[in-house]
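**Q** Handing you a structure now.
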Amino acid sequence: MLLSFRNVVEAHVLSAIRREHGVELREVRSALDYVGREFGSDHPLADHEFQTDGIHLFVERYGRLVNASEEGQIAMRELLQAHLRRVDRNPSGVPIRLYPFTRFRSTDEPRSVAIDPMVAFGRPVLIGTGIPTEVVADRFNAGESIDELAADYGRTRGEIEEAIRFERHAEAA
């Protein structure tokens, strides 16, 4: 049996979605079923440009980002972009640093904590330092005040609070 060019394109896109982006096969199937049904497409992978957050597949429709893996839920473009903006990449596009959320995943959340595999063996640190957030939180939990920690590390109160907040969030997860 011969493959059409469209079939080859679909195989190529599927390979990228699965291997490069790690999207689970059930999410891919769900997205393809939805796009095929809702957009009248027999070849969704060839007919539409998919985006992913590594978990779900999204497709743009009428200027909105639609979560095709979740039966068409409208994705919050701002929130997805906020997640993507918290990853620094090198010129080749490889992720090199992550600024994890410390609060409620809001778009204007400060970048006080960084995870960088080249700093502190990839442990979360106060940005621009090698000071692990875990050490800051441990000292706070042992009774030191935020002002004492800020003075000791030469950081702002806000940065110390974010480090503590990050560790409390990590403990709760």
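Bear in mind that the values in this text are calculations on the coordinates, not laboratory data. Computed from a predicted structure; not experimentally measured. Methodologically, a virtual Cβ is constructed for each residue, glycine included, from the backbone with ideal geometry; neighbour enumeration extends over all protein chains shown.
**Q** Just give me the residues in the stretch 1-24 being within 12 Å of T52 (Cβ to Cβ) and assigned to a loop (DSSP other than H, G, I, E, B), in sequence order.
**A** H21, G22, V23, E24, listed by residue number.
**Q** Hey, F58 hits all of (1) closer than 22 Å to L84 by Cβ; (2) assigned to a helix (DSSP H, G or I); (3) not aliphatic (A, V, I, L, M) but one; which does it fall short on?
**A** Condition (2) is where F58 drops out.
**Q** Determine the pairs where a residue that is closer than 11 Å to V28 by Cα, located within the stretch 44-71, has a partner that is acidic (D, E) with Cβ atoms under 7 Å apart, the partner being 6 or more residues away or on another chain.
**A** That search, which allows pairs on different chains as well, returns L45/E10; I55/E27; H56/E27; H56/E70; L57/E27; S69/E27.
**Q** While we're on this one: In the stretch 19-35, which residue that is of a type outside the set (K, R) and free of Cβ contacts under 8 Å to residues at least 12 places away in the same chain is nearest to L65 (Cα to Cα)?
**A** Of the residues in the stretch 19-35, the ones of a type outside the set (K, R) are 20-25, 27-28, 30-35.
Cutting the leftovers down to free of Cβ contacts under 8 Å to residues at least 12 places away in the same chain gives us 20, 25, 33.
Numbers: E20: 21, L25: 21, D33: 17 Å.
My answer is D33.
**Q** Given the conditions (1) in contact (Cβ under 8 Å) with a residue 60 or more places away in the chain; (2) charged (D, E, K, R); (3) surrounded by fewer than 17 Cβ atoms within 10 Å (Cβ to Cβ), which single one is not true for E148?
**A** Of the numbered conditions (1) in contact (Cβ under 8 Å) with a residue 60 or more places away in the chain; (2) charged (D, E, K, R); (3) surrounded by fewer than 17 Cβ atoms within 10 Å (Cβ to Cβ), the odd one out for E148 is (1).
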